[in-house]
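In what follows, a structure is listed as structure tokens, so that the remarks can point back to it.
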Amino acid sequence: MTTLAKLLEAALFASARPITGEELATLAPDESAAAIAAAIDELREHYDVDGHGVELQELAGGWQILTRAEYTEAIERAQLAARPQRLSAAALETLAIIAYRQPISRAEIEEIRGVAIGGVLKSLHERGLIDVVGRGEGLGRPLMYGTTPVFLEHFALRHLEELPRADELAIALRVPVPEAAPE
């Protein structure tokens, strides 16, 4: 493994969040963007080919070393990993609306959900999952909300285009019809 790949590995290992390519480039300012990309590819291949318990994943606009999916259950069972706080159903619904409709105002979210969402918005904002992304053109110039890189990291997404499409959701949420027992 190259010295550059080892340097990037050390930085990725030490970080609790995804690190962007630009941030990685600051570690070796004399290296080109192509050299950084090649070192990232070298690291990813190293973890994949040599059968490590961790892998290099691209998410939330950056790179992070994460536990392989097949080992997460055992690690959680042993309570070795910090679990992120769970989101309530109301928070998940609100977050989904924001993710799919952003930028969106509080009034628009409340119209879709049919309930007041002040506390939910505050909670999502405190967790860093949403942020104010601008002001609307309507009466009073309402605050407009959108998701953050923390949202992408929380749901292990590289970008918003990885969210399921509406037609995929309809299929996934369809109630299964039990098959008739053979006679």
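Among the residues making up region 102-128, those that are of a type in the set (A, V, I, L, M, F, W, C) and under 21 Å from Ala166 (Cα atoms) are Ile104, Ile109, Ile112. Among the residues of region 31-51, those identified as touching a Gly at 6+ places or on another chain (Cβ under 9 Å) and surrounded by fewer than 16 Cβ atoms within 10 Å (Cβ to Cβ) are Ala33, Ala37.
Before we move on, is Arg158 over 26 Å from Thr72 (Cβ atoms) and either at pLDDT below 85 or not assigned by TED's automatic domain parsing to the domain that holds Leu59 (or both)? Criteria not met by Arg158.
Which condition number in (1) part of a helix (DSSP H, G or I); (2) of a type outside the set (Lys, Arg); (3) farther than 25 Å from Phe155 by Cα is the one that Ala28 fails? Failing condition for Ala28: (1). Here Ala10 fits the description: free of Cβ contacts under 8 Å to residues at least 24 places away in the same chain and outside the structural domain of Thr147 (by TED's automatic domain parsing).
Across region 31-58, what is the total count of residues that are assigned to a helix (DSSP H, G or I) and free of Cβ contacts under 8 Å to residues at least 40 places away in the same chain?
At the first step, the residues of region 31-58 found to be assigned to a helix (DSSP H, G or I) are 33-49.
Filter again for free of Cβ contacts under 8 Å to residues at least 40 places away in the same chain, leaving 33-41, 44-45, 47-49.
Within region 31-58, residues that are assigned to a helix (DSSP H, G or I) and free of Cβ contacts under 8 Å to residues at least 40 places away in the same chain number 14.
When Ala90 is tested against the conditions (1) of a type in the set (Gly, Ala, Ser); (2) touching a residue at least 24 places away in the same chain (Cβ under 8 Å); (3) under 22 Å from Ile65 (Cα atoms), the lone failure is (3).
Applying the set (1) touching a residue at least 24 places away in the same chain (Cβ under 8 Å); (2) not assigned by TED's automatic domain parsing to the domain that holds Val133 to Arg68 leaves exactly one unmet item: (1). Being surrounded by 12 or more Cβ atoms within 10 Å (Cβ to Cβ), among the hydrophobic types (A, V, I, L, M, F, W, C), farther than 20 Å from Thr147 by Cβ and touching a residue at least 24 places away in the same chain (Cβ under 8 Å) holds for only one residue in Ala28, Ala107, and it is Ala28.
Name the residue, out of Ala99, Ala90, that is in contact with a Gly (Cβ under 9 Å, 6 or more places away or on another chain), more than 22 Å from Glu162 (Cβ to Cβ) and of a type in the set (A, V, I, L, M, F, W, C).
Working: Ala99 fails: more than 22 Å from Glu162 (Cβ to Cβ).
One residue alone meets the criteria, Ala90.
This table checks each residue for (1) under 15 Å from the mean Cα position of the chain (by Cα); (2) at pLDDT 90 or above; (3) among the acidic types (Asp, Glu); (4) assigned to a loop (DSSP other than H, G, I, E, B).
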position: Ala107; (1), (2), (3), (4): no, yes, no, no
position: Arg141; (1), (2), (3), (4): no, yes, no, yes
position: Glu153; (1), (2), (3), (4): yes, no, yes, no
position: Val177; (1), (2), (3), (4): no, no, no, yes
position: Pro182; (1), (2), (3), (4): no, no, no, yes
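The values are calculated or read from the model by the stated rules, or taken from the named source; none is laboratory data. Just so it is clear, the structure is predicted and the values come from calculations on it, not from any experiment. When we count neighbours, we look across all protein chains shown, and the Cβ atoms used for this are built from the backbone with ideal geometry, even at glycine.
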